[in-house]
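A short reminder: the numbers here are calculations on the coordinates, not readings from a lab. If you're wondering where the values come from, they're calculated on a predicted model, not measured in any experiment. Cβ atoms come from the backbone with ideal geometry, glycine included; neighbour counts cover every protein chain shown.
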Amino acid sequence: MTRDSPAVAVDTSALMMPVECDVRVFDELDRLLGLNEVDLVTPRAVLAELDRLASGAGEEATAASVGRDLAERCRVVETDASYADDALVELAERDDCAYVVTNDRPLRDRLLERGVRVIGLRGRNKLNITQP
């Protein structure tokens, strides 16, 4: 993965998928795109959201804690937006961002309206690309 490769932005819900949806996110991304061919990125706002969620209790906190660990596989990027969804939209509108990985329906719809390809859950535990 190099910065010359197309960026794939990963959101909070995607990083929490292993616990919440029993999806091996990085294995699925490798199947779809080949991880050596892309630059996995996540906005700093996503890390802040995961930290906030992980400080709670229950399955969501566990999923966020696992997601925070998984985020270490992504390059953290700065955005002007402090809200995670807005940060992802900002990233998606950059020329080098090829896809956004999310399981968040409102965010997915915002991205598709802007012409961004979205990778999301399809069926029980597979990811699929949705074209705008």
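Taking all Cα pairs closer than 8 Å and separated by 6 or more residues, the relative contact order of the chain comes to 30 percent. When each of the peptides 40-50, 111-121, 72-82 is scored by the mean number of other C-beta atoms lying within 10 Å of its residues, the order from highest to lowest reads 40-50, 111-121, 72-82. Residue order for Y83, Y99, fewest other beta carbons within 10 angstrom first, comes to Y83, Y99. Between the listed residues P106, I119, L47, the Cα displaced farthest toward the positive end of the dipole of region 7-130, a dipole computed from Cβ unit charges relative to the Cα centre, is found at I119. Checking the a/c ratio against 1.5 first, then a/b against b/c, what shape does the Cα gyration tensor give for the chain? Verdict is rounded for the chain.
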